[in-house]
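The values are calculated or read from the model by the stated rules, or taken from the named source; none is laboratory data. Predicted, not measured: the structure shown is a model, and the values here were computed from it. Glycine gets a Cβ as well: all are built from the backbone with ideal geometry, and neighbour counts include every protein chain shown.
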Amino acid sequence: MEYLGLITKDQELANLIYTDIELLSLLRRFNIKLGVGDKSIEEVCKSNGVNVDFFLEIVNIFHNKNYFPTAKLQSFSISLIVNFLKESHIYYNEEMIPAIEALIHQLVWTGDDHERNLKILKKFFNEYRKEVKAHTQQEEETVYPYTVFVEESCMKNKNIKACYEKMQEYSITNYAEEHNNIEEKLTDLKNIIIKYLSPSRNQDIAFKVLSELFKLEKDLNHHAAIEEKILVPKILEMEKKLKNLNSSKKA
Amino acid sequence: MSKTIFILFEKSYLIRLGLASLLKEIKGAEISGNYNSADNFASLIKNQNPDIIIINQELYSDINTQTINNLSSEYNFRIIGITKEKMVITNSLFSNQIFYKEEKAKILNKINEITFQLNGNKKNLKDNKGISERERAILECVAKGMTNKEIAEKLFISAHTVITHRKNIVRKLGIKTVSGLTVYAILNKIIDMTDLK
């Protein structure tokens with residue numbers, strides 16, 4: 001399928017940022033620094049050791065609302081995908097969420113409302129921060145290492161037995177089933193701020209909080225899609241292969 | 001655009017057919033039934049719960065007045081009468097009337113007007129998203145951290161009913177998580193900060 005408006009590797013990297021400021025956060029995740037001159041996306045990727053094809057796909061997913069080329073994305077290696085997911089975790093836990101938290105702390109209401117509103121919002125967001133942290137930590141400690149191990153065994157046809165045994169303990173199906181939705185609390189918070197919270201005296205801050213929440217939500221949606229539609233099916237395929245390899249070895 | 005359910009009672013096959021084809025030109029109109037007599041009028045209304053009844057004046061006069069009054073207090077419908085000639089109907093239950101000789105545009109206008117009024121009313125009902133007293137009581141328990149079973153026992157209802165109420169609360173408020181509902185409960189003084197464990 002032809003997509004209009006897809007970003008291509010011969011475009012200037014600087015143009016990418018002019019076109020869509022939200023893509024800036026992706027540069028961080030690929031460790032691309034500013035001061036890119038008039039270099040093309042391909043040139044910048046090369047000099048930074050970034051896989052340009054993968055970079056382009058990610059950039060295009062984030063830039064084009066309905067673009068999500070499942071088959072193409074599944075052709076990239078697990079370690080490449082997992083690395084990006086990990087970088088996104090850092091972005092959520094160390095940048096986005098603390099920034100939103102700091103904004104919430106700045107909200108001011110008139111009179112008695114102030115103490116109460118601030119206290120419950122802080123409490124709610126604190127819980128959310130912990131939830132995201134626990135979620136990402138579990139993925140980094142259990143899920144991602146497992147997927148990398150599966151890929152390695154499959155590709156190099158080694159450690160088949162060990163990997164198969166691990167699969168018996170924890171398969172990607174477990175992950176797919178228990179992958180909980182960390183966007184729910186975010187949606188709730190958005191609704192509370194938009195509809196139910198009395199207006200703060202500094203509305204500019206309230207608007208900022210909201211716009212950051214929407215940004216985070218959008219990012220998390222892309223993130224979850226990559227995990228559920230790319231990572232999980234890819235590993236499922238490999239698990240099948242492992243099973244066959246394991247039984248043929250025994251035979 | 002929400003649906004408007006019509007039910008037709010008219011002796012003449014051709015007129016019934018004509019009306020049915022005319023209603024196709026009205027946005028959201030759906031005909032739940034098309035009858036040549038008003039026998040079983042009450043049960044048909046109860047089963048189909050129409051928004052608009054279009055009925056021939058002669059068939060209408062066959063129906064017991066008490067039956068109609070009872071139905072109109074229980075169900076929310078409008079009646080459009082069909083008469084052969086232009087005549088005055090004094091019955092207050094009739095929203096409007098149409099005549100055999102009337103032109104299509106005029107009939108369409110009349111039906112459209114009533115449909116429009118009805119949808120306006122429906123919209124007002126839907127906009128009223130505030131939670132009910134019962135839901136408020138349930139929300140209070142949820143915010144205090146009670147389980148469905150505990151709530152059911154406290155309010156003398158089944159756990160299933162608690163779940164239904166909770167679903168409605170979530171739908172009305174747009175808040176899914178218990179933490180979110182707790183924030184709502186505090187903001188609306190349903191529970192106090194000190195109730196939090």
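Pick from A:32, A:78: which is within 16 Å of the chain's Cα centre (by Cα) and more than 14 Å from chain B (Cβ to nearest Cβ)?
A:78
Would you point out the residue of the range B:37-80, among those that are surrounded by 17 or more Cβ atoms within 10 Å (Cβ to Cβ) and aromatic (Phe, Trp, Tyr), that is nearest to residue B:91 (Cα to Cα)?
Only one residue fits best here, namely B:60.
Is one or more of the residues making up the range A:192-212 assigned to a helix (DSSP H, G or I) and touching a Lys or Arg at 6+ places or on another chain (Cβ under 7 Å)? Before you say what the answer is, go through the steps one by one.
Start the filter on the range A:192-212 by keeping residues that are assigned to a helix (DSSP H, G or I), which leaves A:192-196, A:203-212.
Next cut, touching a Lys or Arg at 6+ places or on another chain (Cβ under 7 Å) only: A:210.
The answer is yes; a qualifying residue exists.
For the range B:126-147, give me each residue that is basic (Lys, Arg) and either part of a helix (DSSP H, G or I) or at pLDDT 95 or above (or both).
B:126, B:134, B:136
In the range A:204-218, is there at least one residue being away from chain B (no Cβ under 14 Å), surrounded by fewer than 14 Cβ atoms within 10 Å (Cβ to Cβ) and over 20 Å from the mean Cα position of the chain (by Cα)?
Scanning the range A:204-218 turns up at least one residue that is away from chain B (no Cβ under 14 Å), surrounded by fewer than 14 Cβ atoms within 10 Å (Cβ to Cβ) and over 20 Å from the mean Cα position of the chain (by Cα).
Any chance you could count how many residues in the range B:73-110 are modelled with pLDDT of 80 or more and either in contact with a Leu (Cβ under 7 Å, 6 or more places away or on another chain) or of a type in the set (Gly, Ala, Ser) (or both)?
8
Does the range B:140-149 contain any residue that is touching an Asp or Glu at 6+ places or on another chain (Cβ under 6 Å) and touching a residue at least 40 places away in the same chain (Cβ under 8 Å)? Break it down into steps so the answer makes sense when it comes.
Keep residues of the range B:140-149 that are touching an Asp or Glu at 6+ places or on another chain (Cβ under 6 Å), which gives B:144.
Going one step further and asking which of them are touching a residue at least 40 places away in the same chain (Cβ under 8 Å), we end up with B:144.
Within the range B:140-149, one or more residues are touching an Asp or Glu at 6+ places or on another chain (Cβ under 6 Å) and touching a residue at least 40 places away in the same chain (Cβ under 8 Å).
Kindly indicate the residue of the range A:160-184 that is without any contact (Cβ under 8 Å) to a residue 24 or more places away in the chain and more than 14 Å from chain B (Cβ to nearest Cβ) and also farthest from residue A:247 (Cα to Cα) among those meeting that condition.
Selected residue: A:178.
Test of understanding: among A:187, A:136, which residue is under 28 Å from residue B:170 (Cα atoms), surrounded by 15 or more Cβ atoms within 10 Å (Cβ to Cβ) and within 14 Å of chain B (Cβ to nearest Cβ)?
Numbers: A:136 fails: within 14 Å of chain B (Cβ to nearest Cβ).
When all the criteria are applied, what remains is A:187.
Looking only at helices (runs of 4 or more DSSP H) that fall completely inside the range A:81-181, which ones have 3 or more residues that are among the hydroxyl-bearing types (Ser, Thr, Tyr)?
A:144-156
Look through the range A:84-111, keep the residues that are small (Gly, Ala, Ser) and loosely packed, with under 13 Cβ neighbours inside 10 Å, and return whichever of them is nearest to the other protein chains (Cβ to nearest Cβ).
Looking at the filtered set, the residue picked out is A:111.
I'm trying to understand the selection: among the residues of the range B:156-174, which are part of a helix (DSSP H, G or I) and in contact with a helix residue (DSSP H, G or I) (Cβ under 9 Å, 6 or more places away or on another chain)?
Going residue by residue through the range B:156-174, those that are part of a helix (DSSP H, G or I) are B:159-173.
Hits for the range B:156-174 are B:159, B:160, B:161, B:162, B:163, B:165, B:166, B:168, B:169, B:170, B:172, B:173.
Among the residues in the range A:50-73, are any more than 26 Å from residue A:190 (Cα to Cα), in a loop (DSSP other than H, G, I, E, B) and of a type in the set (D, E, K, R)?
Checking the range A:50-73: not a single residue is more than 26 Å from residue A:190 (Cα to Cα), in a loop (DSSP other than H, G, I, E, B) and of a type in the set (D, E, K, R).
Scan (1) surrounded by 18 or more Cβ atoms within 10 Å (Cβ to Cβ); (2) within 11 Å of chain A (Cβ to nearest Cβ); (3) assigned to a loop (DSSP other than H, G, I, E, B) for the single condition residue B:183 breaks and write down its number.
Residue B:183 satisfies all of (1) surrounded by 18 or more Cβ atoms within 10 Å (Cβ to Cβ); (2) within 11 Å of chain A (Cβ to nearest Cβ); (3) assigned to a loop (DSSP other than H, G, I, E, B) except (3).
Conditions: (1) touching a helix residue (DSSP H, G or I) at 6+ places or on another chain (Cβ under 7 Å); (2) more than 23 Å from residue A:214 (Cα to Cα); (3) within 14 Å of another protein chain (Cβ to nearest Cβ); (4) touching a residue at least 24 places away in the same chain (Cβ under 8 Å). Residue A:42 meets all but one. Number of the miss?
It is condition (3) that residue A:42 fails.
Please enumerate the residues belonging to the range B:153-171 that are within 14 Å of chain A (Cβ to nearest Cβ) and surrounded by 15 or more Cβ atoms within 10 Å (Cβ to Cβ). Steps first, answer last, please.
Narrowing the range B:153-171 to residues within 14 Å of chain A (Cβ to nearest Cβ): B:169-171.
If the condition is that a residue be within 14 Å of chain A (Cβ to nearest Cβ) and surrounded by 15 or more Cβ atoms within 10 Å (Cβ to Cβ), then B:169, B:170 are the ones that fit.
Count, please, the residues in the range A:112-121 that happen to be more than 10 Å from chain B (Cβ to nearest Cβ) and under 14 Å from residue B:184 (Cα atoms).
1
Mind listing whichever residues of the range A:18-38 are surrounded by 15 or more Cβ atoms within 10 Å (Cβ to Cβ) and not in a helix (DSSP H, G or I)?
Those that are surrounded by 15 or more Cβ atoms within 10 Å (Cβ to Cβ) and not in a helix (DSSP H, G or I): A:20, A:30, A:32, A:36.
Could you say which residue among B:149, B:176, B:172 is within 21 Å of the chain's Cα centre (by Cα) and not acidic (Asp, Glu)?
None of the other options fit; the residue is B:172.
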